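My questions all concern the structure below.
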């Protein structure tokens with residue numbers, strides 16, 4: 001089993017005619033994801049990547065293809081509008097890859113989504129993959145292996161690093177979820193933890209956080225209360241200076257809060273196996289299994 | 001993006017948020033005239049640098065005459081101002097703001113920010129004005145008022161009143177503070193601020209409400225719709241290497257160590273710094289070359305890392321996804337030859353086209369050390385510079 005995406009997912013890509021959108025849609029199709037269409041306003045009626053229909057609006061796409069998931073590659077100034085359009089059309093799973101959306105746009109998006117049935121993953125994330133079933137996002141597919149470890153992460157390449165270590169040890173993954181590096185994101189650690197706890201195909205969970213905010217603390221308390229599966233954790237940025245934005249918009253220690261040290265302390269206290277070195281993630285998970 | 005106090009106050013004026021009258025000068029000779037123009041018997045001479053705590057470093061002075069204002073301006077302009085926030089190297093003062101003095105009845109704090117817990121905008125206010133809000137939050141959290149703003153309705157008068165009453169504001173000042181809060185929120189939203197802090201917000205003895213100080217950070221992601229604000233960027237306030245890196249869309253942050261790092265992805269870049277430290281070394285920088293790095297970007301990355309004279313070795317840690325290892329390897333070889341790099345370079349590559357990448361490094365005839373994993377790579381570079 002897996003969470004969020006599988007062979008039944010019917011995917012559209014918003015921004016499918018752009019360079020990135022086209023490339024990664026093709027990669028996802030090659031992996032076996034059921035891509036049913038794409039949306040680029042003004043380019044409705046075209047066909048791309050063989051026989052994939054392009055629509056002007058998400059509503060048209062849903063009506064014609066019964067899509068239930070979307071992958072967004074729309075540039076930052078228009079990405080929040082794309083998320084809202086997907087939610088308005090009733091898409092259940094919205095995965096936004098776009099990096100660089102203004103935070104005030106996301107404040108409005110977050111509020112609007114509360115009143116809908118849509119789940120947003122990201123923005124500024126690598127996407128979601130359930131190995132062997134479907135991939136929605138920009139992660140390199142070949143490093144993954146089907147299995148029973150669930151991964152949740154705020155970082156892209158650090159997730160690949162973890163997956164790489166696991167696969168090298170012969171350990172597969174149920175689903176890997178990149179929740180994104182922005183200060184406002186649609187799906188948080190706790191949301192994914194709840195799904196992994198319920199998923200019978202997930203036997204252990206790996207949670208990769210970083211400096212800034214308090215989402216990892218919130219997750220740690222949630223784990224203590226609700227998660228019975230073993231959880232391994234790592235926080236990137238133990239050596240990061242305060243007050244500086246470390247690449248991700250959300251990775252900043254402000255007012256002495258959101259340090260790696262503090263997060264690791266809380267996580268340990270809540271029963272999570274915290275590794276100090278990112279090179280030990282694979283081995284530690286192996287032991288936990 | 002950080003901006004200066006005088007720039008923040010210009011923005012606030014546009015939104016009818018009351019700020020003191022002031023004149024910006026950059027020469028001592030302009031000070032007396034500026035003080036006369038401001039016109040109050042006492043004026044305040046304020047150094048304009050991005051860091052806070054200016055008063056503690058001698059960057060804010062009261063002057064009782066235009067002559068005294070000139071004297072203070074002369075002392076402050078051109079000084080290297082060291083405050084608790086600048087670090088020991090301090091900042092060069094190039095501009096001074098001369099502002100009206102006033103009789104202050106009450107000093108308050110007001111801040112607006114995006115609260116990550118609720119993912120909504122939060123207004124924070126406190127009667128403990130003029131103090132560091134982090135200290136107030138740690139010592140007396142009950143003295144901080146917090147109100148989350150619903151983005152659909154924004155700050156309505158009732159919410160502003162709620163805050164004003166909680167701050168024990170009365171009389172004529174109460175009437176003035178309501179539009180002040182509403183307009184402040186308006187400025188925050190329309191200017192895409194990521195942080196707006198008025199500390200202190202003052203109530204004068206004649207019941208005026210003013211932003212005596214103003215600290216504004218603008219959301220970097222929103223700069224595309226604020227081209228005018230982009231002109232407020234002061235490159236002198238930033239690290240020259242970081243400014244150089246930003247020209248090439250490289251995400252570089254200078255640190256104090258001696259091992260240069262080049263990594264793809266922010267999370268992996270942070271983790272690489274961490275593992276260098278765990279291996280007994282000190283990272284010289286954070287550098288994320290991103291997913292779309294090409295040969296030119298890699299060369300620029302090298303140049304910037306090497307411009308830091310303390311760098312004694314380089315660790316390249318790449319997990320190829322979109323970024324292919326063969327492209328990276330070609331870039332590394334080309335840059336090493338072109339820049340005639342003599343210090344040790346350790347390369348750890350994994351992911352897409354890893355074998356081709358390693359072959360290119362091998363065939364180059366250059367002496368790269370290869371890390372078989374993050375840990376091995378970090379240990380090798382630490383050892384190489386010892």
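The values are calculated or read from the model by the stated rules, or taken from the named source; none is laboratory data. Given the structure is predicted, the values throughout are model-derived calculations rather than measurements. Here the Cβ is made from the backbone with ideal geometry for all residues, glycine too, and neighbour counts use every protein chain on show.
Say we look at the range A:8-39 and pick out the residues that are in contact with a strand residue (DSSP E or B) (Cβ under 6 Å, 6 or more places away or on another chain) and assigned to a loop (DSSP other than H, G, I, E, B); which of these is nearest to residue A:140 (Cα to Cα)?
Among those residues, the one meeting the criterion is A:33.
For the range A:94-105, which positions are in contact with a helix residue (DSSP H, G or I) (Cβ under 9 Å, 6 or more places away or on another chain) and either closer than 25 Å to residue A:135 by Cβ or without any contact (Cβ under 8 Å) to a residue 24 or more places away in the chain (or both)?
A:94, A:96, A:97, A:98, A:99, A:100, A:101, A:104 - these are the residues of the range A:94-105 that are in contact with a helix residue (DSSP H, G or I) (Cβ under 9 Å, 6 or more places away or on another chain) and either closer than 25 Å to residue A:135 by Cβ or without any contact (Cβ under 8 Å) to a residue 24 or more places away in the chain (or both).
Between B:166, B:105, which is touching a residue at least 40 places away in the same chain (Cβ under 8 Å), surrounded by fewer than 16 Cβ atoms within 10 Å (Cβ to Cβ) and more than 28 Å from residue B:48 (Cβ to Cβ)?
Testing whether each residue is touching a residue at least 40 places away in the same chain (Cβ under 8 Å), surrounded by fewer than 16 Cβ atoms within 10 Å (Cβ to Cβ) and more than 28 Å from residue B:48 (Cβ to Cβ) leaves just B:166.
For the range B:275-289, which residues satisfy the criterion of being surrounded by fewer than 24 Cβ atoms within 10 Å (Cβ to Cβ), in contact with a helix residue (DSSP H, G or I) (Cβ under 8 Å, 6 or more places away or on another chain) and either within 11 Å of residue B:251 (Cβ to Cβ) or within 10 Å of another protein chain (Cβ to nearest Cβ) (or both)?
Passing the criteria: B:278, B:279, B:282.
Yes/no per residue for (1) at pLDDT below 95; (2) facing chain B (nearest Cβ under 8 Å); (3) more than 17 Å from the chain's Cα centre (by Cα); (4) closer than 30 Å to residue A:19 by Cβ:
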residue: A:136; (1), (2), (3), (4): no, no, no, yes
residue: A:141; (1), (2), (3), (4): yes, no, no, yes
residue: A:166; (1), (2), (3), (4): no, no, yes, no
residue: A:170; (1), (2), (3), (4): no, no, yes, no
residue: A:207; (1), (2), (3), (4): no, no, no, no
residue: A:224; (1), (2), (3), (4): no, no, yes, no
residue: A:231; (1), (2), (3), (4): no, no, yes, no
residue: A:238; (1), (2), (3), (4): yes, yes, yes, no
residue: A:248; (1), (2), (3), (4): yes, yes, no, yes
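Using beta carbons and a limit of 7 Å, which pairs, at least six apart or on different chains, have the first residue in the range B:224-245 and within 15 Å of residue B:308 (Cβ to Cβ) and the second one modelled with pLDDT of 90 or more and outside any helix (DSSP H, G or I)?
Listed pairs, sorted by first residue: B:239/B:254; B:241/B:252; B:241/B:254; B:241/B:308; B:242/B:252; B:242/B:253; B:242/B:254; B:245/B:252.
Which of the following residues is on the phi > 0 side of the Ramachandran plot, more than 14 Å from every other protein chain (Cβ to nearest Cβ) and out of contact with any strand residue (DSSP E or B) (no Cβ under 7 Å at 6 or more places or on another chain): B:207, B:234, B:228?
B:207
Can you find a residue that is part of a helix (DSSP H, G or I), within 25 Å of the chain's Cα centre (by Cα), surrounded by fewer than 20 Cβ atoms within 10 Å (Cβ to Cβ) and touching a residue at least 40 places away in the same chain (Cβ under 8 Å) anywhere in the range B:15-30?
no
What is the one condition in (1) under 15 Å from residue B:211 (Cβ atoms); (2) in contact with a helix residue (DSSP H, G or I) (Cβ under 7 Å, 6 or more places away or on another chain) that residue B:114 does not satisfy?
Every condition holds for residue B:114 apart from (1).
What is the number of the single condition among (1) surrounded by fewer than 18 Cβ atoms within 10 Å (Cβ to Cβ); (2) away from every other protein chain (no Cβ under 13 Å) that residue B:186 does not meet?
(2)
Of the residues that sit in the range B:325-365 and are part of a loop (DSSP other than H, G, I, E, B) and touching a strand residue (DSSP E or B) at 6+ places or on another chain (Cβ under 8 Å), which one is nearest to the other protein chains (Cβ to nearest Cβ)?
The extreme case among them is B:352.
If you scan the range B:72-91, which residues turn out to be touching a residue at least 24 places away in the same chain (Cβ under 8 Å), out of contact with any helix residue (DSSP H, G or I) (no Cβ under 7 Å at 6 or more places or on another chain) and surrounded by fewer than 21 Cβ atoms within 10 Å (Cβ to Cβ)?
B:79, B:85, B:86, B:90 - these are the residues of the range B:72-91 that are touching a residue at least 24 places away in the same chain (Cβ under 8 Å), out of contact with any helix residue (DSSP H, G or I) (no Cβ under 7 Å at 6 or more places or on another chain) and surrounded by fewer than 21 Cβ atoms within 10 Å (Cβ to Cβ).
Given B:320, B:357, which one is under 16 Å from residue A:158 (Cα atoms), buried (at least 23 other Cβ atoms within 10 Å of the Cβ) and touching a helix residue (DSSP H, G or I) at 6+ places or on another chain (Cβ under 9 Å)? Step through it out loud before you land on a result.
Values: B:357 fails: under 16 Å from residue A:158 (Cα atoms).
That would be B:320, the only listed residue that is under 16 Å from residue A:158 (Cα atoms), buried (at least 23 other Cβ atoms within 10 Å of the Cβ) and touching a helix residue (DSSP H, G or I) at 6+ places or on another chain (Cβ under 9 Å).
Name every residue in the range A:216-255 that is within 20 Å of residue A:277 (Cβ to Cβ) and part of a helix (DSSP H, G or I), in order of residue number.
Of everything in the range A:216-255, those that are within 20 Å of residue A:277 (Cβ to Cβ) and part of a helix (DSSP H, G or I) turn out to be A:216, A:220.
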